[in-house]
Amino acid sequence: MKDKNLFEQVMSRREEILDKALGIDYSAYEQEGLAFDYEKMMEECAYSLEDAVKIQRENGVGSTPLIELKNITALARKYAPKGKGARILLKDEACNVSGSFKDRRASISAYHAKKLGYEGIIAATSGNYGAAVAAQAAKQGLKCIIIQECYDSRQVGQPEIIEKARKCEALGAEVIQTTVGPELFFESLAVLEETGFFNASLYSPFGIAGVETLGYELATECKEKYGKYPEAVVCTNAGGGNLTGTARGLKKSGATDTRVVGASVNLAGLHMASDHDFNKKSFTTGHTGFGIPFATFPDRSDVLRSAARPLRYMDEYYLVEQGEVFFITEMLAQLEGYERGPAGNTSLAVAFKLAQEMNEDEILIVQETEYTGAGKHINAQMSFARQNGVELKFGDPSTSVAGKNIILPDKLSDINITNVDLDKLRASYLKTMLNNYDRKISDLTNVEIQYLQDELKINKDKLDKLLQTLEV
């Protein structure tokens, strides 16, 4: 960590730095109290669907295959009641230029940075987004800096993050690596201020607009191939942008009745900012360490108002265990011939179980895959887990404890999903917002009430009941 005075000085200039690095006047969208005009922000700042598609096609992004997983569907039906077992489809986003759906987000941000005359672009990310930003910066002729939270205090790094650093550097980016904790955000602000580069935030309207094309594509392709929109789409959920953008794209396609399902790896008990816990997990994204806190407080991000707001769009939310995702990753490779990384396979694990509860004539889409290799491969992840004292074994995954063991299922019937109570997340969101904006329930205005209904995807009666639980 830099000296304390410098840290505090930089953090005190947070709003000024972020405003300059993105070019959005967020104050224009603020309303009464805790409310802001989300749709107006997206309309005025984000690119239209047509423009986003055009930008992406010119830069090697989109038009990825929609694949029917016939063997996995057949296997799910063996474990389903008679007449059950939805058809499982997969949108193969590993076919994008840098190997993940994050190219969709990066393509719009890089294009916008170039359009506004920025010399370079910066992203704070330990995941696939770094490679996506580096690739799109190269296409636009921009300098690129990727800042990663990579190491614990022993300077031991996550193999997946180190793998992604190598990929970013191969694509021409400079990579800055920090230890776990508040350094990542501090370093990001300091470098943005020093360079004057564009902030390619995952949580800007540009990034979300880039993912809208994914939701639109999979819905329209499904209707063209099968004569109808999918009954459900499963989205791996971390910071919420993947789910938000996909859901918005679904709506723009006309698939307004499609259920939007979130999926995260259960890492309950591990603290994402803990030096001790950092290397005890085998997933760097798509887990509850991001999925839960970003759902209940979206504006914890590196923009003043996040465009990723999953509770606006989520119909259901399920958790799976680490061992189940590793197992499903092997299943996809050995039954369908697709070796893909664990992030998208988090959704596939949920889909495999969820399909068994749906009718045979229904369609369920897993909306993304990612590349795999070297440190991202499950063998590297499991080896690293053993090195950090995590036990690996076969058994009942539901008995696993994150950070202590990874339990792969003995048999397919052991794969299960845990339903997350969305009302508990909504109540947590309400509590956080009321505290952050120093608002009393009795003083909420009609504008704030309507905003909260939209934010939480509920009617006024439901909102009143949730607010009443906070008063008890």
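Charge dipole (Cα centre; +1 on Lys/Arg Cβ, -1 on Asp/Glu Cβ; no other charges) of the chain amounts to roughly 860 debye. Taken one residue at a time, the phi angles of the range 307-323 give Karplus couplings (6.51, -1.76, 1.60, θ = phi - 60°) of 8, 9, 9, x, 5, 5, 10, 6, 9, 9, 8, 10, 10, 10, 8, 4, x Hz. Gly and Pro are set to x.
For 357, 330, 187, 194, the ranking by accessible surface with the largest value first comes to 194, 357, 330, 187, using a 1.4 Å probe. In the context of the full set of protein chains, residues of the chain present 39 Å² of accessible surface per residue (probe radius 1.4 Å, heavy atoms only). Of the solvent-accessible surface of the range 398-472, computed with a 1.4 Å probe over protein heavy atoms with every protein chain present, carbon and sulfur atoms account for 45 percent.
Whole-Hz Karplus values for the range 56-61 come out as 5, 4, 6, 10, x, 10 Hz, taken residue by residue from phi with 6.51 cos²θ - 1.76 cosθ + 1.60 and θ = phi - 60°; glycine and proline positions read x.
Label point of residue 54 set 7 angstrom out along Cα-Cβ; within the range 112-129, amide nitrogens under 15 Å from it belong to 112, 115.
Over the chain, Cα pairs under 8 Å with separation of 6+ residues give a relative contact order of 19 percent.
At 25 °C and a viscosity of 0.890 mPa s, what translational diffusion coefficient does Stokes-Einstein give for the range 127-187, taking Rh as the Kirkwood radius over Cα pairs? Give it in µm²/s as a whole number. In µm²/s, the coefficient rounds to 210.
The figure for residue 314 is an accessible area of roughly 0 square angstrom, using a 1.4 Å probe on the protein chains alone. Note on surface exposure: 421, 438, 410 rank 438, 410, 421 by accessible area, highest first, 1.4 Å probe. Based on Cα contacts under 8 Å between residues 6+ apart, the range 235-304 shows a relative contact order of 40 percent.
With both labels modelled 7 Å from their Cα along Cα-to-Cβ, the residue 413 to residue 256 distance reads 4.3 nm.
Specify the inter-centroid distance of the range 258-331 and the range 378-397, based on alpha-carbon positions, in whole Å. The range 258-331 and the range 378-397 have Cα centres spaced 20 Å from each other.
Stokes-Einstein, applied to the Kirkwood radius of the range 1-79 over Cα pairs at a viscosity of 1.306 mPa s and 10 °C, places its translational diffusion at 89 µm² s⁻¹.
If you look at the Cα atoms of the range 256-370, you get an Rg and a Dmax of 15.3, 48 Å. Using only C-alpha positions, report the orientation-averaged shadow area of the convex hull of the range 96-237, nm², one decimal. Spelled out: convex hull of the Cα atoms, projected over all directions, averaged, 9.6 nm².
Average projection, convex hull of the Cα set of the range 391-434: 4.2 square nanometres. Distance between the modelled labels on residue 25 and residue 274, one decimal in nanometres: 4.5 nm (7 Å Cα→Cβ projection).
Stretching residue 401 away from residue 299 to a fully extended chain increases their span by 33.8 nm, per 0.36 nm per residue minus the current alpha-carbon distance.
Between residue 315 and residue 460, the contour length at 0.36 nm per residue exceeds the alpha carbon distance by 50.5 nm. For the range 339-456, the Kirkwood estimate of the hydrodynamic radius, built from every pair of different alpha carbons, is 18.3 Å. Of 54/223; 228/424; 54/228; 70/376; 70/251; 91/460, which pairs sit farther than 29 Å apart, going by alpha carbon to alpha carbon? Listed pairs above 29 Å: 228/424; 91/460.
The values are calculated or read from the model by the stated rules, or taken from the named source; none is laboratory data. Source: prediction; values computed, not measured. Counting neighbours? That spans all protein chains shown, and the Cβs are built from the backbone with ideal geometry, glycine included. Ligands, DNA and RNA are stripped out before the accessible areas are found, and what is left, the full protein with its side chains, is counted by its heavy atoms. Shrake-Rupley method; radii C 1.70, N 1.55, O 1.52, S 1.80 Å.
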